[in-house]
Amino acid sequence: MRRAVVAFLAFKLLNLAVNLVAFPVLRSTAPAPTGRPARPSRSVSLLVPMRNETHRLADTLPGILAQGVDELILLDDCSTDATLEMARALSSAGDALMVAGVPTPPGWTGKTWACSQLATRAHGDVLVFCDADVLLAAGAMDAVVTEMDRQKADLLSVFPRQRTETLGEHLVVPLVDDVLLCLLPFPLLRADAPSAATANGSVMAFDRLAYARLGGFDAVRGELVEDVALARLTRRHGLQLGLVLGGGMVQTRMYTDYSGCVTGLGRGLLPVTGGSRSLLVLGATWHLVAYTLPALVCLRHPSWVVPLLLAAAERLAVEAKTGRRQWWQAVLPPLSPVAALPVVADALRRTHSWKGRSYSGGATRRCMPDGAPPP
């Protein structure tokens with residue numbers, strides 16, 4: 001058993017070593033001879049869906065407004081709080097076009113419908129969809145388009161630097177980065193293999209013509225994990241998928257407490273395993289063996305300290321690559337699989353609720369009208 005655990009962790013560290021070198025990180029664009037940052041040659045539409053975001057907008061909206069894009073559209077996705085009013089209060093006249101969305105029709109998820117509405121109003125050569133919880137540094141959109149051009153990407157997905165504050169967040173949110181960097185080597189993600197495609201929906205930049213060729217969000221209207229679905233669709237259409245870490249340019253705090261982590265991560269976990277509940281349970285069990293068991297038995301069996309050290313090295317390297325640099329988290333790997341068990345349990349449920357909407361199904365989730373009973 002110990003040898004299997006060591007082999008598994010060594011395999012992850014090998015992939016991580018590749019990604020430490022190969023996986024690009026978003027950088028500020030180099031200054032032009034005038035001393036000002038170089039501007040993209042294509043027009044950019046920054047499109048932001050918002051639903052019940054009053055607790056976030058004071059932190060995130062100033063950075064969004066400061067991007068200096070050709071077009072900025074904010075859409076209120078039928079919020080039940082004062083999101084639209086707060087967005088208007090934080091914006092100056094002419095900063096952005098404010099749009100009140102219409103209710104989600106049957107067969108769509110809330111986000112895919114909101115993004116589809118945004119796209120129909122946009123005029124830019126590049127359509128950048130950005131979640132309202134994303135913190136954008138000055139020049140982030142210029143950097144996104146520059147990276148998009150560098151990778152010759154029809155779709156560029158940005159994986160934000162995850163910001164965590166509470167213990168529950170520290171325990172489970174970094175697992176998102178761990179899966180990306182330790183199991184998905186960047187050369188494989190760049191290969192022409194639809195099954196290896198992945199993406200993060202926090203920031204997704206599309207070439208306008210490529211967006212139309214894909215069918216836009218209409219093509220993935222019922223997908224709860226619409227970002228991965230769009231990545232795979234991009235590959236199937238023979239288009240170029242680009243991926244980049246957000247670094248200091250694009251950051252997010254997805255959830256503000258452990259309960260939010262469980263609900264938020266749980267709703268999208270099952271589709272990652274192709275809808276297989278057995279595979280999800282098997283994976284959770286194996287991670288308990290690989291990360292938690294060594295901490296429980298190492299005092300009696302000192303050879304099990306090797307997996308502990310490998311797991312600590314893994315977390316340190318992930319922290320370094322993402323730029324989070326919270327080095328003390330090297331002690332957390334034995335606890336993370338335990339903290340993730342409620343996430344797995346939530347993922348196994350037949351119905352999910354997120355921001356007042358209900359979803360049901362497996363690998364592909366169906367959005368039910370607000371207040372509708374589960375099937």
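Listed values, structure above:
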{"quantity": "Filter pass, V225 being in contact with a Cys (Cβ under 6 Å, 6 or more places away or on another chain), farther than 27 Å from A330 by Cα and surrounded by 19 or more Cβ atoms within 10 Å (Cβ to Cβ)", "calculated": "no"}
{"quantity": "Total residues in segment 287-303, condition open to solvent by 70 Å² or more (accessible area, probe 1.4 Å) and part of a helix (DSSP H, G or I)", "calculated": "2"}
{"quantity": "Criterion violated by P333 - all others in (1) assigned to a helix (DSSP H, G or I); (2) closer than 20 Å to V343 by Cα; (3) open to solvent by less than 40 Å² (accessible area, probe 1.4 Å); (4) not small (G, A, S) satisfied", "calculated": "(1)"}
{"quantity": "Selection within segment 1-45 - part of a loop (DSSP other than H, G, I, E, B), modelled with pLDDT of 95 or more and buried (at least 17 other Cβ atoms within 10 Å of the Cβ)", "calculated": "F23, L26"}
{"quantity": "Residues that are open to solvent by less than 20 Å² (accessible area, probe 1.4 Å) and either in contact with an Asp or Glu (Cβ under 9 Å, 6 or more places away or on another chain) or among the acidic types (D, E) (or both), drawn from segment 235-254", "calculated": "R235, L241, G242, V244, L245, T252"}
{"quantity": "Residue match in segment 46-58 (condition: on the phi < 0 side of the Ramachandran plot, crowded, with 20+ Cβ neighbours inside 10 Å and acidic (D, E))", "calculated": "yes"}
{"quantity": "Pick from segment 349-369, criterion open to solvent by 20 Å² or more (accessible area, probe 1.4 Å) and touching a Lys or Arg at 6+ places or on another chain (Cβ under 6 Å), ranking: modelled with the highest pLDDT", "calculated": "K355"}
{"quantity": "Residue satisfying condition, being out of contact with any Lys or Arg (no Cβ under 6 Å at 6 or more places or on another chain), of a type in the set (D, E), buried (at least 17 other Cβ atoms within 10 Å of the Cβ) and more than 24 Å from V272 (Cβ to Cβ), within set D76, D177", "calculated": "D76"}
{"quantity": "Evaluation of V281 against (1) modelled with pLDDT under 95; (2) outside any helix (DSSP H, G or I) (one fails), failing number", "calculated": "(2)"}
{"quantity": "Check on R232, crowded, with 17+ Cβ neighbours inside 10 Å, free of Cβ contacts under 8 Å to residues at least 40 places away in the same chain, touching a helix residue (DSSP H, G or I) at 6+ places or on another chain (Cβ under 8 Å) and assigned to a helix (DSSP H, G or I)", "calculated": "yes"}
{"quantity": "Strands (runs of 3 or more DSSP E) contained in segment 73-168 and holding at least 3 residues under 13 Å from A205 (Cβ atoms)", "calculated": "126-130, 155-159"}
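The values are calculated or read from the model by the stated rules, or taken from the named source; none is laboratory data. Just so it is clear, the model here is predicted, and its values are computed rather than measured. Don't worry about glycine lacking a Cβ; one is built from the backbone with ideal geometry, like all the others, and counts go over all protein chains shown. The protein model used for the area step is the full one, side chains on, heavy atoms only, and it has no ligands, DNA or RNA in it. Shrake-Rupley method; radii C 1.70, N 1.55, O 1.52, S 1.80 Å.
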